[in-house]
Amino acid sequence: MKIQCACGAKYAFDVQPEMLNKPVTFVCPGCGLDSSAFVNSLVRQELGLPAPVAEALPVAPPAVAIVPPPAALPVQAPSPTPRVRLQSAVVHPADPVTAAGDPSVCARHYGQPAVEFCHVCRKPICAKCLEIFGYVCSPLCKQKAELSGIRLPEFAGQRDVVQRRFWRKVSFVSGGVGSAVVALLAVWTWWVWFGSTPKPVFSVRFAEPSYSGQSVFGGTDQIVFLHGGTLARHDMKAKKEIWSRDLIDPAKIERQVAETIESLRKAQQRLDNEFPDADPIKIPSPEKLTKRLTRAAAEELELYVRGQNVWLSSYEKVVRYDWETGKPVQEIALRGGLGGALARGDEMWLIRESESGRDIVTRLNLATGQMQTEGIGVAMPPTATLAAGPSAGASGPAAPVAGSKPLDPDKIAAQAQRLPLAGRIALPATLSVGVNQQRALTELNGPSPALPESGPDYSEQFELMPTHDGFVQFSVQLLERKMIARSAMKAAPAKSALDGPVSVTATAEIANEILNEMQRERGGGTVMEDQSRYQVTVRIPGAKDVPDWKGEVIGSPGMYPLRTVNVIAAGKSLTVLDKANKKKWEASLTYEVSGGAGSMDEADAPFGLGPVVERNGSLFVIDEGVLTAFDLATGNARWRLPSVGIAGLFFDEEGKIYINSTTAGPDRIRFSRQIDISERVNAVVLKIDPRNGKILWTAEPGGQISHVSGKFIFAINWYQPEEEDAEGNLYMPDTGFETPPYMRIKRINPRNGRVMWEHFQQRAPLDVQFEGNIIRLVFKKEVQVLKFLSF
């Protein structure tokens, strides 16, 4: 006979007739379950006898102590189908044992105190039984309960229940973690590709292109923009035009076209009468001239918005337009033209020269429209000439070719590097044709007259310069002229690249040789360094107790008014004056001060402040190859940072400095006119600590930083090909492989200089303005507002 215990163990034994008289005792060696009664009933059935009537289960076992036998026989572990020796039940009369057992002791686990009764057979069970089977003593009772329909309560500490609850928690947590990961990936994908990148939120398109423009926010969801000759106000939220006004008078342009053509024809008649063999004057067509004059009239306009006051300044007048209707409500004529306009908060300072020679300053309140006019300075003879300013330093001699000028090496290299491979291969042949045409024109026109060796004497005249708290007058008088010629190009190679094998790999070398030869023919081989002696005078107008300061400098001088000091730069020297015109200190520089693209006005500094910046007790000076930080009080140099091509400086809220510079080396200063189209000079941005000049990080974002405000740092780079009839578009011949225009804006992480996102458009902007997470763009045919999310 084969049987299987409730614990799963299988057993086999032989049934013999004597088992009827001597009942067998069967205790499972695996789980300890006593199944003797069940086995005896199976034996009786096997021998053909009826099974005994099953006794009713006791409600509660009798309270009889059960004492285990004095010595238990060892039971060998069962094999897969073991044969078990059955033996008759032995009762020891001397043992105080009854058949029912003790209810305080577990029936399965001897010696363990009972804590509950089996809900099926009512046997006492211990805590271990509860942990394994729950409220039953064995799997058999559990099966009986299922067959009988007995509903068993669930024991919270049962092993299966605990494990099921554990895996339910694991599944729940795993599902939650998985869902969170999927959600985070979805949010990250959305953030990287959509949320954090700029998207258009407002756009206005135009049928005809314009070549100038501005845009300003004028309150909540209101934008006022100037697109060419069109002034308009729009509601960005409603995407609705409030009003629009054309500012260019077609009749006035038509009169100007007629007058210009008539004057050119008269000039041609005089030329024919006096010089019959001279080349004729090229008279443009009325259509082309109309386009040029319309574009020039639009480029004169400047837009200012303060609150709900819209102002436009031009060469002839300043006009205020009504916020609700766009109609002109106030007009200020500028006699003698707009000499200078400077916005200072809610004020605009209009500077012009009177007939007596004194400077007239009109302070216009842009918020109220009120004006106040005053005369500043001393009257000077009208024939007086202003001395050379800070930008009139080194300049080349007159080019020997009529109408030509030295080439711009940076511009030529950039144009050549934008050409595709086919354009670069064809470049030497295209340049050769241009050189031959230029030489033919030179022979026909003859040599240009040479300039005199010495320039005219400069008479003293004060130039009015605005400061943060008023004005200062600055004058220059030439004492002794001294110009020194210096070579700005490397010597021509001893062996021409054309003498060797001409191949595709030698294209750049051949093009460089041709371009540098063109540069020498145009007079770009040398530059003139100004070593003249000048006397400079600084005067504070209206301050009677402040004497004038006069000093002598070497080199072309220029003055930079700052918040607490005025700085005079001449050649490689620096002189610092306080606001009482007392000299604080002098210093020497490595190179001459470089204006670069920096601005003295923080409100209008698209590429940073410079070349002289005052900040937190330091004076930062940018020369051609070094950024120097001076102690403003003593003039001691705190640190120097070599870098060629610094354009300007930005400061963040913590005082850290962001520098727009290039990867060029010192040779670019020494050989400033040398052309090398294979040399790539990239824009580089450096973040430094202003205390010691330590570089915190360096990045090459592909453009220069144009805006720094808190966590928002933007670098921008764009390219706009020159038009065919643009003046001075003589640098590179037309190869037919011109790169299309583009604009690339990148947001820079202020912590490490990495690019957070990039926005690209296949067109170049006319105006770009940043305001937090909003970017305003003006294109030739569109005004666009971009916005991105930021936390």
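The values are calculated or read from the model by the stated rules, or taken from the named source; none is laboratory data. Keep in mind that what you see is a predicted model, and the values were worked out from it rather than measured. Cβ coordinates were reconstructed from backbone atoms using ideal geometry, including for glycine residues, and neighbour counts include every protein chain displayed. When the accessible area is computed, the model is the full protein with side chains, heavy atoms only, and any ligands, DNA or RNA have been set aside. Shrake-Rupley method; radii C 1.70, N 1.55, O 1.52, S 1.80 Å.
Would you point out which residue out of SER618, SER588, SER594, SER643 is of a type in the set (Ser, Thr, Tyr) and within 30 Å of LEU303 (Cα to Cα)? Spell out how you get there, then give the answer.
On the way: SER618 fails: within 30 Å of LEU303 (Cα to Cα); SER588 fails: within 30 Å of LEU303 (Cα to Cα); SER643 fails: within 30 Å of LEU303 (Cα to Cα).
Criteria check complete, one pass: SER594.
Looking only at segment 657-695, count every residue that is in a loop (DSSP other than H, G, I, E, B) and open to solvent by less than 70 Å² (accessible area, probe 1.4 Å) and tell me the total. If you could, list the steps in order and put the result at the bottom.
Start the filter on segment 657-695 by keeping residues that are in a loop (DSSP other than H, G, I, E, B), which leaves 663-666, 671-682, 689-694.
Going one step further and asking which of them are open to solvent by less than 70 Å² (accessible area, probe 1.4 Å), we end up with 663-665, 671-677, 681-682, 689-690, 693.
Number satisfying all stated conditions: 15.
For ALA543, indicate whether it is open to solvent by 10 Å² or more (accessible area, probe 1.4 Å), in contact with a Ser or Thr (Cβ under 6 Å, 6 or more places away or on another chain) and small (Gly, Ala, Ser). If you could, list the steps in order and put the result at the bottom.
Numbers: open to solvent by 10 Å² or more (accessible area, probe 1.4 Å): yes; in contact with a Ser or Thr (Cβ under 6 Å, 6 or more places away or on another chain): no; small (Gly, Ala, Ser): yes.
Spelling it out, it is not the case that ALA543 is open to solvent by 10 Å² or more (accessible area, probe 1.4 Å), in contact with a Ser or Thr (Cβ under 6 Å, 6 or more places away or on another chain) and small (Gly, Ala, Ser).
Output the qualifying pairs, or none if there are none: Cβ atoms under 7 angstrom, residues six or more apart or on different chains, first residue in segment 136-154 and farther than 17 Å from CYS126 by Cβ and modelled with pLDDT of 85 or more, second residue of a type outside the set (Ser, Thr, Tyr) and assigned to a helix (DSSP H, G or I).
LEU152/ALA145; GLU154/VAL161
Return a yes/no flag: does segment 628-636 have any residue that is open to solvent by less than 50 Å² (accessible area, probe 1.4 Å), out of contact with any helix residue (DSSP H, G or I) (no Cβ under 6 Å at 6 or more places or on another chain) and charged (D, E, K, R). Steps first, please.
Residues of segment 628-636 open to solvent by less than 50 Å² (accessible area, probe 1.4 Å): 628-632, 635.
Okay, now just the ones that are also out of contact with any helix residue (DSSP H, G or I) (no Cβ under 6 Å at 6 or more places or on another chain), so 628-632, 635.
Going one step further and asking which of them are charged (D, E, K, R), we end up with 631.
Checked against the condition, which is being open to solvent by less than 50 Å² (accessible area, probe 1.4 Å), out of contact with any helix residue (DSSP H, G or I) (no Cβ under 6 Å at 6 or more places or on another chain) and charged (D, E, K, R), segment 628-636 yields at least one hit.
Could we say that SER41 is in contact with a Phe, Trp or Tyr (Cβ under 6 Å, 6 or more places away or on another chain) and not β-branched (Val, Ile, Thr) here?
Numbers: in contact with a Phe, Trp or Tyr (Cβ under 6 Å, 6 or more places away or on another chain): no; not β-branched (Val, Ile, Thr): yes.
No, not satisfied.
Scan segment 516-552 for residues that are basic (Lys, Arg), over 45 Å from the mean Cα position of the chain (by Cα) and farther than 20 Å from SER573 by Cα and jot them down.
From segment 516-552, those basic (Lys, Arg) are 520, 522, 533, 539, 544, 550; that's our starting set.
Adding the requirement that they be over 45 Å from the mean Cα position of the chain (by Cα) leaves 533, 544, 550.
Scanning segment 516-552 gives a single hit, LYS544.
Condition check ((1) out of contact with any strand residue (DSSP E or B) (no Cβ under 9 Å at 6 or more places or on another chain); (2) part of a loop (DSSP other than H, G, I, E, B); (3) acidic (Asp, Glu)) across all residues:
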position	(1), (2), (3)
MET489	no, yes, no
ALA492	yes, yes, no
LEU498	yes, no, no
ILE510	yes, no, no
GLU517	yes, no, yes
VAL536	no, no, no
ASP545	yes, yes, yes
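Regarding ALA156, is this residue loosely packed, with under 15 Cβ neighbours inside 10 Å, more than 18 Å from CYS106 (Cα to Cα) and small (Gly, Ala, Ser)? Break it down into steps so the answer makes sense when it comes.
On the way: loosely packed, with under 15 Cβ neighbours inside 10 Å: yes; more than 18 Å from CYS106 (Cα to Cα): yes; small (Gly, Ala, Ser): yes.
When the stated conditions are applied, ALA156 passes them.
Regarding segment 476-497, can at least one residue be identified that is modelled with pLDDT under 85 and not aliphatic (A, V, I, L, M)?
yes
Of the residues SER41, SER36, only one is among the polar types (S, T, N, Q), in contact (Cβ under 8 Å) with a residue 40 or more places away in the chain and under 24 Å from LYS144 (Cβ atoms); which?
Values: SER41 fails: in contact (Cβ under 8 Å) with a residue 40 or more places away in the chain.
The unique qualifying residue is SER36.
Among the residues of segment 732-750, is there at least one that is at pLDDT below 95, among the β-branched types (Val, Ile, Thr) and in a loop (DSSP other than H, G, I, E, B)?
Within segment 732-750, one or more residues are at pLDDT below 95, among the β-branched types (Val, Ile, Thr) and in a loop (DSSP other than H, G, I, E, B).
So which residues in segment 477-491 are of a type in the set (A, V, I, L, M) and over 43 Å from the mean Cα position of the chain (by Cα), if there are any at all?
So the first thing to find is which residues in segment 477-491 are of a type in the set (A, V, I, L, M), and the list is 478-479, 483-485, 488-489, 491.
Answer for segment 477-491, where residues must be of a type in the set (A, V, I, L, M) and over 43 Å from the mean Cα position of the chain (by Cα): LEU478, LEU479, MET483, ILE484, ALA485.
Could you list, ordered by first residue, the pairs with Cβ atoms under 8 Å in which the first is in segment 240-262 and in contact (Cβ under 8 Å) with a residue 12 or more places away in the chain and closer than 17 Å to GLU208 by Cα and the second is among the β-branched types (Val, Ile, Thr) and outside any strand (DSSP E or B), at least 6 apart or interchain?
So the pair list comes out as ILE248/THR294.
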